[in-house]
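Read-outs: derived from the displayed coordinates by stated rules, not from any lab. Model, not experiment: these values are computed from the prediction. As a convention, Cβ positions derive from the backbone with ideal geometry for all residues, glycine included, and neighbour counts pool all protein chains shown.
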Amino acid sequence: MSRRRAQLILLCEDRQHEAFLRRFFVAAGWNKRSIRVEKSPKGRGCAEQWVREHYAAEVRNLRSAPYVARALVVAIDEDTQGKREAQLSRALVDADLPARQPDESIIHAIPARNIETWLQYLLGKDVDEKQQYARLASERDCEPAVRLLKTMCDAHDLRPTAPPSLVRACNEYRDRLA
């Protein structure tokens, strides 16, 4: 049996990241069947560490066979010290890989403090990226927020008071993939 070739790889910490990103990229026109999700196994340790440990391998795969996958999107929650971007860069150095280049289709979606911050903002609330926000009752409840984000990203017009981490992710999406 041959393995289906994905065009978009989502490297995620958890089910909420997966639900959010999958819906966003389907709304952006990607076929569901062309998306492969690599997600931290539930209950098997630190999810953000799992993403960092798998990042270099996914970058290597993308670079070595660009005809197999067109893009990699990494979703990892920010820590309280703002080190995730540096940690991802370090993972490439440790794997003897060149740094992520501006023209590469590698997007870092790093919500601070977690994805729920973005969801609360998109649902109309003012948010503080240092604050912890409650999870949604179900991962699929992010659908209205995702549709709104897609509209705002396409218009280059996030509502005022947008979390800086969301602004960065939206810019990366436009600059690296859209």
- Query: What are the ³J(HN,Hα) values, in whole Hz, obtained from phi via the Karplus relation 6.51 cos²θ - 1.76 cosθ + 1.60 with θ = phi - 60°, for each residue of region 100-108 in sequence order, with x given for Gly and Pro?
  - Reply: 4, 9, x, 8, 7, 8, 10, 9, 9
- What FRET efficiency would be calculated for the residue pair LYS125, ASP96, taking the C-beta separation as r and a Förster radius of 35 Å, to the nearest 0.05? 0.20
- Message: Tell me whether region 17-147 comes out rounded, prolate or oblate; compute the Cα gyration tensor, take square roots of the eigenvalues as a ≥ b ≥ c, and use a/c under 1.5 as the rounded threshold.
- Response: oblate
- Query: Cross-link partners among lysines for LYS42, C-alpha distance below 27 Å, same-chain residues fewer than 8 apart left out?
  - Reply: LYS32, LYS83, LYS130
- Task: Give a residue-ordered list of calculated ³J(HN,Hα) values for region 156-161 (Karplus: 6.51 cos²θ - 1.76 cosθ + 1.60, θ = phi - 60°; whole Hz; x for Gly, Pro).
- Result: 6, 8, 6, 4, x, 6
- Query: When the helix-only estimate is applied to the chain (DSSP H runs of n ≥ 4, each -39,500 (n - 2.57), divided by the residue count), what is the mean residue ellipticity at 222 nm, nearest 500 deg cm²/dmol?
  - Reply: -13000 deg cm²/dmol
- Query: Taking the mean number of other Cβ atoms within 10 Å as a proxy for protection, how do you rank 50-63, 84-97, 20-33 from highest to lowest?
  - Reply: 50-63, 20-33, 84-97
- A student applying the Cα gyration tensor rule (rounded when a/c is under 1.5; otherwise prolate if a/b is larger than b/c, oblate if not) would label region 78-170 prolate
- Item | For region 8-176: relative contact order, % (alpha-carbon pairs under 8 angstrom, 6 or more apart) | 24 percent
- Message: Let me make sure I get this right: for region 125-165, a, b and c are the square roots of the gyration tensor eigenvalues over alpha carbons, sorted descending. Under 1.5 in a/c it's rounded, otherwise prolate if a/b > b/c, else oblate. Which is it?
- Response: oblate
- Between LEU11 and residues 5 or more places away or on another chain, the pairs with built amide H atoms under 5 Å apart involve GLU38, VAL73, VAL74, ALA75
- Task: Starting at the first residue of region 138-151, write each ³J(HN,Hα) from the Karplus equation 6.51 cos²θ - 1.76 cosθ + 1.60 with θ = phi - 60°, in whole Hz, x for Gly and Pro.
- Result: 9, 4, 5, 5, 7, 3, x, 5, 5, 4, 5, 4, 4, 4
